[in-house]
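The structure appears below as structure tokens.
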Amino acid sequence: MKTIIIGGGLAGLAAAYRLAGRDEITIIEKEPEPGGMASSYAVNSSNTKTGTYHIEKYYHHIFASDMELISLIEELGLGSRLEWLRGTTGYFFNGKIYPMNTPLEIMRALPLLDVVRLTWLVLKAKSIKDRTPFDEITAKQWILDTAGESVYNNFFLPLLSSKFGDNKEKVSAAWLLGRVQIRSNRGAKGERLGYMRGGFYALIEAMAEKLKEKGCKIIKGSVYRIDVVNGAVKGVVVDGKRIDCDRVISTVSPHSLEKIIDSKLSGIDTDINYQGTACVLFGLREKVMDDIYWLNIKGDVLFGAVIEHTNFIPGSDYGEHLMYVTSYFQNPESVLWKKSNDEVAELYLKGLEKLFPGFRKNVKWWRLRRDLDTAPVYETGYGKKVLPYKTKIKGLYLAGMFSEANYPERSMNGSIVAGFKCAEAVNNSE
Ligand SMILES: Cc1cc2nc3c(=O)[nH]c(=O)nc-3n(C[C@H](O)[C@H](O)[C@H](O)COP(=O)(O)OP(=O)(O)OC[C@H]3O[C@@H](n4cnc5c(N)ncnc54)[C@H](O)[C@@H]3O)c2cc1C
């Protein structure tokens with residue numbers, strides 16, 4: 001059987017990993033390197049032993065609950081690189097940074113009654129086993145009913161605004177419950193987060209290497225049509241060239257899929273709303289925040305979070321300090337998508353100067369990464385929209401951020417599970 005996998009992100013690599021050796025597999029990836037949303041920059045640095053280091057284009061860490069990803073890292077012999085470190089968080093509002101790691105710190109930032117109500121909400125969220133009924137209720141409604149308006153306005157509203165912008169009131173309580181449950185690996189001093197020293201680049205490289213050993217090809221190209229004849233996949237068209245195949249696994253967003261296949265013919269519901277991300281990574285001379293890795297922001301700036309990576313992983317690994325500044329955006333009309341790279345960086349720099357006066361002088365270099373389809377918007381009713389691994393078209397399979405494994409939050413673990421489950425669906429149907 002000849003299988004084409006569209007997309008060399010983690011879902012595509014994971015599906016290939018499980019099918020390689022059995023089938024003739026070709027992964028077609030439009031970018032020069034595999035990795036998709038989890039890919040990295042190679043940065044030249046005379047301050048490191050090798051003269052180069054890798055750092056994710058978008059900030060990445062993992063959670064203790066990411067079991068399949070952790071097992072895969074072990075299986076690939078990379079377990080010693082995985083470390084669990086304190087991921088400190090803070091909250092910028094009213095012109096001040098409030099650390100938010102310990103109960104005491106939270107009490108300093110919020111009114112006492114809000115802290116009591118927030119604690120009650122967290123306990124209640126953690127006790128809910130079946131999130132299905134909460135797919136139809138908005139997160140806003142559930143927070144208001146459970147903890148009241150003050151907790152919503154003071155604590156959740158800025159977080160929801162920074163994550164979902166104009167869609168904040170549409171997001172489901174099922175998503176919120178999932179988030180609260182995932183983020184409960186919190187000791188007395190704060191949350192423990194996982195990271196691979198040297199970057200998740202090593203994982204992607206090891207997967208790609210194993211695939212090549214097993215005869216799988218990874219080629220650069222953009223698929224612009226999936227050919228379906230009499231209800232069965234017959235091939236794909238890549239950069240004007242037709243490649244015959246018996247099976248296609250597509251890992252691209254539903255929005256991109258509808259451009260390469262007739263969705264009426266396929267019966268695939270491509271009506272999942274996605275949002276984009278514009279993320280600038282700054283290489284810095286000096287550290288910026290005292291001891292905060294992740295700072296959520298409520299203020300008059302264009303970004304929703306500042307992530308000082310080298311307050312999580314020591315700057316000595318890179319020979320410099322690194323900070324991500326990021327925002328989601330809800331449609332392609334956003335300035336974050338329309339303006340040039342220089343203009344977006346300048347807009348972020350203006351905001352950073354308000355938070356950290358003199359920031360500009362600290363900057364050695366910056367790089368911007370932005371994409372349109374970086375995360376599904378988990379609106380009410382989303383649970384019913386997740387796409388199946390096996391479609392009605394013979395030979396067409398799907399895996400990615402839109403899969404059930406990535407609900408209620410997309411992650412590297414979710415895309416690996418989606419790839420594995422998709423491979424299982426392939427195996428089960430033949
Ligand atoms: C800002 C941000 C922060 C994140 N932080 C974390 C985190 O901290 N922890 C975590 O676990 N996860 C995080 N994630 C999520 C994680 O990166 C993704 O869930 C995962 O990498 C998605 O993998 P995927 O293969 O499903 O999709 P993608 O990575 O999107 O892969 C799809 C691939 O298809 C390719 N493609 C698209 N169209 C075509 C075409 N027509 N022809 C050929 N190729 C095509 C794309 O180039 C891409 O490589 C983050 C994501 C973002 C954007």
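None of the figures in this text is laboratory data; all of them are computed from the coordinates on show. This one's a predicted model, so the numbers in the text were calculated from it and none came from an experiment. Here Cβ is always computed from backbone atoms with ideal geometry, including for glycine, and neighbour counts include all displayed protein chains.
Below are the figures for this structure:
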read-out: Cross-link pairs beyond the 20 Å C-alpha cut-off, checked among K57/K364; K234/K394; K298/K350; K234/K390; K241/K394; K163/K364; value: K241/K394; K163/K364
read-out: Sequence ranges 406-416, 364-374, ranked by mean other-Cβ count within 10 angstrom, highest first; value: 406-416, 364-374
read-out: Cut-off 11 Å between beta-carbons: net charge of the residues surrounding G414, Lys and Arg +1, Asp and Glu -1; value: -2
read-out: 0 to 90° range, to nearest 10: angle between helix 412-428 axis and the chain longest Cα axis; value: 20
read-out: Longest to shortest principal axis, alpha-carbon extents of region 102-185, angstrom; value: 34, 29, 22
read-out: Where labels lie 7 Å past Cα in the beta-carbon direction, separation of S222 and I182 in nm; value: 3.0
read-out: All-pairs alpha carbon distance profile, region 285-430, 5 Å steps from 0, percent; value: 2, 8, 14, 15, 14, 13, 12, 9, 7, 4, 2, 1, 0
read-out: Neighbourhood net charge (9 Å Cβ-Cβ; Lys/Arg +1, Asp/Glu -1) for V43; value: 0
read-out: Amide H contacts under 5 Å for I27, placed H, 5+ residues apart; value: I5, K217, I218, I219
read-out: Magnitude of the charge dipole, the chain, Cβ model with Lys/Arg +1 and Asp/Glu -1, debye to 20; value: 180
read-out: Reduced Cα scattering model of the chain, Debye log10 I(q)/I(0), q = 0.06, 0.07, 0.10, 0.14 Å⁻¹; value: -0.25, -0.35, -0.73, -1.41
read-out: Contact order relative to length of the chain, as percent, for alpha carbon pairs under 8 angstrom and 6 or more apart; value: 24
read-out: Whole-number percent relative contact order across region 266-366, with pairs defined as alpha carbons under 8 Å at least 6 apart; value: 35
read-out: Tilt relative to the chain, helix 10-19 - C-alpha long axis, 0 to 90 degrees, to 10; value: 40
read-out: Proximal charge balance of L82 [Cβ under 14 Å; K/R count +1, D/E count -1]; value: -2
read-out: Per-residue ³J(HN,Hα) for region 167-179, Karplus 6.51 cos²θ - 1.76 cosθ + 1.60, θ = phi - 60°, Hz, x for Gly and Pro; value: 8, 4, 7, 8, 5, 7, 5, 4, 4, 4, 4, x, 4
read-out: Phi-based couplings in Hz for region 25-30 (Karplus 6.51, -1.76, 1.60; Gly and Pro marked x); value: 10, 10, 9, 10, 10, 6
read-out: Distant-in-sequence amide H partners of G235 (H built 1.01 Å from N, under 5 Å); value: D227, C245
read-out: DSSP bridge orientation in the chain - percent antiparallel, rounded to nearest 5; value: 70
read-out: Inter-centroid distance (Cα atoms) of region 378-406 relative to region 206-263, Å; value: 17
read-out: Sites K241 and E74 - FRET efficiency at Förster radius 41 Å, r taken between beta-carbons, to 0.05; value: 0.55
read-out: Distant-in-sequence amide H partners of G90 (H built 1.01 Å from N, under 5 Å); value: M100, W294, L295, N296
